[in-house]
Amino acid sequence: MIRPLLLTSAVLMLAACGAPESGPAPAAPNAPPEAPATPVDANALTAQGWGPLRIGMTRAEVEAALGPDSNPGAVGGADPETCDQWRPERAPDGLLVMIQDGVLTRISISEPATLKTDRGFGVGDAAAAIKAAYGPDAVSQPHKYVSAPAEDVFVWTSGGPATPNTYVEDAAARGVRYEINGEGRVGHVHVGGPAIQLVEGCS
């Protein structure tokens, strides 16, 4: 009769104290760590703008961000009230803004600009590398004035066509145009709305 009494006491003590708590589940062995998201360079040209400039800003907002026209005596368009192209005082060398009807519609770079797009391309880069990087998103068409290998490579991020030689009129469309020179390299980069299609400044 002694053994059953001892066993009953042990059971009662366990019930009073409660079952031991289980700890957190161990992490799965060899689980790969999550890769951090690659941040977009804040100084990169995108279809939406560059740095403090955003397509759709008013001229007053552009001037507040980077200063007035650095060369007000220069003619940026035949009718500056309708369309004007100029470099703000505090903008990097080689950067021009296009203002149409008082609104920023395009940002362009050319030599000696060292800025790059968000895909890492800028003045002097090869057209072949650009087309390889963008794949089918890159729409190429002949340059209006210079023979091949000069061309225009368009990458529309919204509102653009998937076929060449189709003019985009949707004001909400956004894209990047790589203007390729006769050496097969980028001579100019234009970002913004439909105005990136203009081939002679404001026309």
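A short reminder: the numbers here are calculations on the coordinates, not readings from a lab. Being a predicted model, the structure only gives us computed values, none of them experimental. In this analysis, Cβ positions are derived from the backbone assuming ideal geometry, glycine residues included, and neighbour counts consider all displayed protein chains.
So what's the net charge close to ALA132: Lys and Arg +1, Asp and Glu -1, counting the other residues with Cβ under 13 Å from its Cβ? So the environment of ALA132 carries a net charge of 0. Summing charges over all other residues whose Cβ lies under 11 Å from the Cβ of ALA78, with Lys and Arg as +1 and Asp and Glu as -1, gives -4. If you add up the charges near VAL103, with Lys and Arg at +1 and Asp and Glu at -1, over every other residue whose beta carbon is less than 10 angstrom from its beta carbon, what do you get? The answer is -1.
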